[in-house]
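S.K.: Once you've had a glance at the structure underneath, I'll fire off some questions.
The values are calculated or read from the model by the stated rules, or taken from the named source; none is laboratory data. Note that the coordinates shown come from a computational prediction; the quantities given were computed from them, not determined experimentally. Backbone-built Cβ (ideal geometry, glycine too); neighbour counts: all protein chains shown. Note: areas computed on protein heavy atoms with side chains; ligands, DNA, RNA excluded. Shrake-Rupley method; radii C 1.70, N 1.55, O 1.52, S 1.80 Å.
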Number of protein chains: 4
Amino acid sequence: MHGYTDRKQDHLKRLRRIEGQVRGLQRMVEEDKYCIDVLTQVSAANRALQSFALALLEEHLAHCVAEATAKGGPEADAKIKEASDAIARLVRS
Amino acid sequence: MHGYTDRKQDHLKRLRRIEGQVRGLQRMVEEDKYCIDVLTQVSAANRALQSFALALLEEHLAHCVAEATAKGGPEADAKIKEASDAIARLVRS
Amino acid sequence: MHGYTDRKQDHLKRLRRIEGQVRGLQRMVEEDKYCIDVLTQVSAANRALQSFALALLEEHLAHCVAEATAKGGPEADAKIKEASDAIARLVRS
Amino acid sequence: MHGYTDRKQDHLKRLRRIEGQVRGLQRMVEEDKYCIDVLTQVSAANRALQSFALALLEEHLAHCVAEATAKGGPEADAKIKEASDAIARLVRS
């Protein structure tokens, strides 16, 4: 059980849509579609992945991190550090 | 025929791998994997999509844009503008 | 008093270095330096700004957000939402 | 003489405004402004730097790269590669 479990169906729906976008990209390349149109679709898929990540992160902060910080101690610090590292990876990816 | 046509198989291989990453994300969510591990995989998929986009863009500059600028005229300007807009979408996504 | 107050001198030092990078960019443009070299410096300044933001955000989570979540209630939820929105702006900028 | 020379004054104006934003950030930190407000300003400065970079890049493509590709040969390929690398640094920063 994690923070995102109660919104699992939403997340799966989002991810299936992103999978569809990536399959759409394959179709575009197979049919020799114009590069710029392919790039536009890549940007859309990227944004969709980021929105999914941001939703997941918000739930993680609201559940896992909030529970740890409510208890305090080194576990709380570790959770903050772990979340910050994940945020840094997202910002830089 | 576009700039990327001769590397079509490479691009399709990359995109199938990205599709696999997105399906892997669905499995992780279904199995209630830890949020941070899911986020790490999202960052990896995002980077893979960007690498694909950058490879496509380089080919587009080397072929479509280079051909247009070799001829010059308003068509060349339009191609430069179009490529710049696609780059801006990538940078901001 | 905020989370970052005890590392204020570090932050100011970082920001003065970034100011120096932006002034360096002005000098490069004034001296007609090669576009690609200017762009390399822009990427460096961007990364420095992001590192500053990520350090600030980590402190914010460790202090302001952790205090609010330790108390719980609607104030905690509001802090999580506010931090998530700031993360989204960083990821998308 | 580079592609951006005729818009030099515009670029310098933009960069001076960004310098002002970074100095504003220092003032905010000195006056212990709220972390989230500081982060909002960082996102604004980041976006301003990126817009500057994108404007510069468009000019670079329209001038330096277009001239090289009009001549063709290994010099043209080198310019395309160099521009693509700069775009990759921007996308990833």
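S.K.: Quick one: which of B:79/D:81; B:81/C:33; B:33/C:79; B:71/C:33 span more than 21 angstrom between C-alpha atoms?
M.R.: With Cα atoms farther than 21 Å apart: B:81/C:33; B:33/C:79; B:71/C:33.
S.K.: How much accessible surface does residue B:85 have with a 1.4 Å probe, in Å² rounded to 10?
M.R.: Counting only protein heavy atoms, the figure is 60 Å².
S.K.: When the convex hull of the Cα atoms of the protein assembly as shown is projected onto a plane and the area is averaged over all directions, what value comes out in nm²?
M.R.: Spelled out: convex hull of the Cα atoms, projected over all directions, averaged, 19.1 nm².
S.K.: If you don't mind, another one. Work out the length of the dipole vector of the protein assembly as shown about its Cα centre, built from +1 on the beta-carbon of each Lys and Arg and -1 on the beta-carbon of each Asp and Glu, and round it to the nearest 20 debye.
M.R.: 0 debye
S.K.: Please work out the average accessible area per residue across the range C:3-86, using the 1.4 Å probe convention, and give it in Å².
M.R.: The answer is 42 Å² per residue.
S.K.: How many nanometers, to one decimal and shortest first, lie between the label point of residue D:32 and those of its other copies, if labels sit 7 Å from Cα toward Cβ?
M.R.: The answer, with the shortest distance listed first, is 4.4, 5.2, 6.7 nm.
S.K.: Using the Karplus equation 6.51 cos²θ - 1.76 cosθ + 1.60 (θ = phi - 60°), what ³J(HN,Hα) coupling, rounded to whole Hz, does each residue of the range D:36-49 give in order, writing x for Gly and Pro?
M.R.: For the range D:36-49, the Karplus-derived couplings read 4, 5, 5, 4, 4, 5, 4, 4, 5, 5, 4, 4, 5, 4 Hz, x marking Gly and Pro.
S.K.: Follow-up question, since we're still on this one. Given the -39500 (n - 2.57) contribution per DSSP H run of 4+ residues, what per-residue ellipticity at 222 nm results for chain A, rounded to the nearest 500 deg cm²/dmol?
M.R.: Helix contribution divided over all residues of chain A: -27000 deg cm²/dmol.
S.K.: So, how do all the Cα-to-Cα distances of chain B break down into 5 Å bins, in percent, from 0 on up?
M.R.: For chain B, the pair-distance distribution reads 3, 12, 17, 16, 16, 12, 9, 6, 4, 2, 1, 0.
S.K.: Taking a label point 7 Å out from Cα toward Cβ, give me the nm distances from residue B:9 to the same spot in the other copies, shortest first, one decimal.
M.R.: Those separations, rounded to one decimal, come out as 4.5, 5.7, 6.2 nm.
S.K.: May I pose another question? Normalising by the residue count of chain D, find the relative contact order in percent from Cα pairs under 8 Å and 6+ residues apart.
M.R.: Answer for chain D is 32 percent.
S.K.: So how much accessible surface do C and A hide from each other in total, probe 1.4 Å, in square angstrom to the nearest 100?
M.R.: 1700 Å²
S.K.: Return the chain C residue and its Cβ-to-axis distance, rounded to the nearest Å, for the rotation relating C to B.
M.R.: C:92, 4
S.K.: If the label for residue B:44 sits 7 angstrom from Cα along the Cα-to-Cβ line, what are its distances to the same label in every other copy, in nm to one decimal, shortest first?
M.R.: Spelled out, the distances from residue B:44's label point are 2.7, 3.3, 3.9 nm.
S.K.: Using a 1.4 Å probe on the protein heavy atoms, what percent of the accessible area of the protein assembly as shown belongs to carbon and sulfur?
M.R.: Carbon with sulfur: 48 percent of the solvent-accessible area.
S.K.: What residues of the range D:42-71 lose no less than 40 Å² of accessible area with every protein chain in place versus their chain by itself (probe 1.4 Å, heavy atoms only)?
M.R.: Residues of the range D:42-71 that lose at least 40 Å² of accessible area once the other chains are added: D:42, D:43, D:46, D:49, D:50, D:54, D:56, D:58, D:60, D:61, D:69.
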